[in-house]
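Asker: Once you've had a glance at the structure underneath, I'll fire off some questions.
The values are calculated or read from the model by the stated rules, or taken from the named source; none is laboratory data. Since the model is a prediction, treat every value here as computed from it, not as a measurement. Every residue, glycine as well, gets a Cβ built from its backbone with ideal geometry; the counts of neighbours run over all protein chains shown. In case anyone asks, the SASA skips ligands and DNA or RNA and just uses the protein heavy atoms, side chains included. Shrake-Rupley method; radii C 1.70, N 1.55, O 1.52, S 1.80 Å.
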Amino acid sequence: MKKNIYFASDFHLGAPNHAESRKREDRILRWLSSITPTCSELFLMGDIFDFWFEYSTVVPKGFVRLQGKLAEMTDAGIKVYFFKGNHDMWVNTYFSEEMGIEIVSDELIIEREGKRFFLHHGDGLGPGDRKYKFLRKIFRNPVCQWLFGLVPPRIGLGIANWWSGSSRLANSKEEVFSDVEHEWLAVYAKEMLLKVHFDYFVFGHRHLPLDINLNDKSKYVNLGEWINFNSYAVFDGNDLSLKYFEKV
């Protein structure tokens, strides 16, 4: 059977509450089960969890069904990549040690079947959003992570859950596409193309499924999210296409 490469992001498991998150987790598991027979590689491109922080001996509770499915996939020889997003940037070694998943901190450049891919969660790229870019440097600083790790888990995870509760997703902010010139990740991709060629730019973070031709040889795909869209992308060896799971 022909093997495909799959891309998905922004599951935001844990938000907005346990009941809704569990329903979404079950839907994601159905999707993972459906793609397993044809999957050679799976790229989970950030914000899989609405919050994640690894203490030396403690990880956030829950999500065991997803972790079990991912372990099952890696045990079957499927390569799984986990990108750090802005909500789960504090992933450390747990997933690699327990499930054999490769952790990606920033961009990843790959070539498959003669096609070049630029992969990134999408946070901190493109013009504008200087406040977040400054905070991102702080949150990703190893010293800051070490200091946060000194806070008892009950308090630290409580602070984190409060922080994620103020996110655009928790406040149901609707994402809108206006045009390519104002789509900041498309702007970033076009600037990259002035330096080096990529066939595909794949991002998450935007919470809006997008499939945009940047020129006659390059495409920008945003993976959307799994609260409203259940969107993902698949590369079949010839082309990268945006798809939807259990779309009503």
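Asker: Taking segment 82-115 as the region of interest, how many residues are in a strand (DSSP E or B), open to solvent by 20 Å² or more (accessible area, probe 1.4 Å) and at pLDDT 90 or above?
Answerer: 7
Asker: Being open to solvent by 10 Å² or more (accessible area, probe 1.4 Å) and aliphatic (A, V, I, L, M) is the filter here; which residues of segment 22-52 pass it?
Answerer: Residue satisfying the conditions is Leu29 alone.
Asker: A further question on this structure: If I go through segment 215-242 residue by residue, how many of them are surrounded by fewer than 17 Cβ atoms within 10 Å (Cβ to Cβ) and on the phi < 0 side of the Ramachandran plot?
Answerer: Looking only at that region, the number is 8.
Residue-wise test of (1) in a helix (DSSP H, G or I); (2) touching a helix residue (DSSP H, G or I) at 6+ places or on another chain (Cβ under 7 Å); (3) at pLDDT below 95.
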residue	(1), (2), (3)
Ile5	no, no, no
Asp10	no, no, no
Lys23	yes, no, no
Leu32	yes, yes, no
Leu42	no, yes, no
Pro60	no, yes, yes
Leu66	yes, yes, no
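Asker: Let me ask something else. State all residues of segment 186-205 that are surrounded by fewer than 21 Cβ atoms within 10 Å (Cβ to Cβ) and either under 21 Å from Tyr6 (Cα atoms) or touching a residue at least 12 places away in the same chain (Cβ under 8 Å) (or both); if no residue qualifies, say none.
Answerer: So the first thing to find is which residues in segment 186-205 are surrounded by fewer than 21 Cβ atoms within 10 Å (Cβ to Cβ), and the list is 187-188, 190-197, 199.
Result: Val187, Tyr188, Lys190, Met192, Leu193, His197, Asp199.
Asker: Cβ contacts < 9 Å: first residue among the aliphatic types (A, V, I, L, M), restricted to segment 49-69; second residue part of a loop (DSSP other than H, G, I, E, B), any location; separation 6+ or different chain. Result?
Answerer: Note: pairs meeting the criteria are Val59/Trp52; Leu66/Phe11; Leu66/Ile48.
Asker: Could you tell me whether Phe118 is in contact with a helix residue (DSSP H, G or I) (Cβ under 8 Å, 6 or more places away or on another chain), modelled with pLDDT of 95 or more, among the aromatic types (Phe, Trp, Tyr) and within 30 Å of Lys195 (Cα to Cα)?
Answerer: On the way: in contact with a helix residue (DSSP H, G or I) (Cβ under 8 Å, 6 or more places away or on another chain): yes; modelled with pLDDT of 95 or more: yes; among the aromatic types (Phe, Trp, Tyr): yes; within 30 Å of Lys195 (Cα to Cα): yes.
Yes; evaluated as a whole, the condition is true for this residue.
Asker: Are any residues in segment 69-81 open to solvent by 40 Å² or more (accessible area, probe 1.4 Å) and either of a type in the set (A, V, I, L, M) or more than 18 Å from the chain's Cα centre (by Cα) (or both), and if so, which ones? Break it down into steps so the answer makes sense when it comes.
Answerer: We begin by selecting, within segment 69-81, every residue open to solvent by 40 Å² or more (accessible area, probe 1.4 Å); these are 72, 75-77, 79.
Hits for segment 69-81 are Glu72, Asp75, Ala76, Gly77.
Asker: Would you mention how many residues in segment 12-21 are part of a loop (DSSP other than H, G, I, E, B) and either crowded, with 20+ Cβ neighbours inside 10 Å or at pLDDT 90 or above (or both)? Show your work before the answer.
Answerer: Going through segment 12-21, the residues part of a loop (DSSP other than H, G, I, E, B) turn out to be 12, 14-17.
With either crowded, with 20+ Cβ neighbours inside 10 Å or at pLDDT 90 or above (or both) added as a condition, the list becomes 12, 14-15.
Of the residues in segment 12-21, 3 are part of a loop (DSSP other than H, G, I, E, B) and either crowded, with 20+ Cβ neighbours inside 10 Å or at pLDDT 90 or above (or both).
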